[in-house]
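Structure first, then comments.
The values are calculated or read from the model by the stated rules, or taken from the named source; none is laboratory data. All figures in this text were calculated on a predicted structure; none of them were measured in a lab. Accessible surface is based on the protein model in full, side chains and every heavy atom, while ligands, DNA and RNA are left aside. Shrake-Rupley method; radii C 1.70, N 1.55, O 1.52, S 1.80 Å.
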Amino acid sequence: MYKWAHRIEMPWFQGNSMQLAKYSLQLLMRNLSASKTILPVLTLFTKDPCPLCDEAKETLEPYKNRFILQEVDITLPENSAWYERYKFDIPVFHLNGQFLMMHRVDISKLEKQLQKLEQQGAGGWRTPS
């Protein structure tokens, strides 16, 4: 696992996108209180081994200061709903709990969504006053 990635076990999600969004928001708030900078949460649904996931993380490396990478291992029993949903599609990415992309990193799509969040000031690079 990459040093900047957070592997998270999420037994309470059981495929519930709303719970994932709430959990991502909690990570944002935790990040805010720790660093005074709000960063969006990019969730990577993965498994081990996953060469495409490793390739995706390498592609994301130059952008790592613009989001928190949270990894969800879909093969864990508590993530069985995510396994059923994404077993043939990993890597899959959600940004702040919302589906963003799958199979490969689409840098233009990621950049567009990150810029949108940064402009909104919610999940971007702002320091609260």
How much length is gained if the chain between Ser108 and Ser80 is pulled fully straight, taking 0.36 nm per residue apart and subtracting their Cα-Cα distance, in nm to one decimal? 7.0 nm
Taking protein heavy atoms only, a 1.4 Å probe, and rounding to whole percent, the accessible area of segment 41-122 owed to carbon and sulfur comes out at 50
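How much accessible area per residue does segment 41-122 have, counting only protein heavy atoms and a probe of 1.4 Å, in square angstrom? If you can, show how the numbers build up before the last one.
Numbers: 4020 Å² over 82 residues.
Per residue, segment 41-122 has 49 Å² of solvent-accessible surface.
Just for segment 41-122, what percent of DSSP beta bridges are antiparallel, to the closest 5?
Antiparallel bridges: around 55 percent, rounded to the nearest 5.
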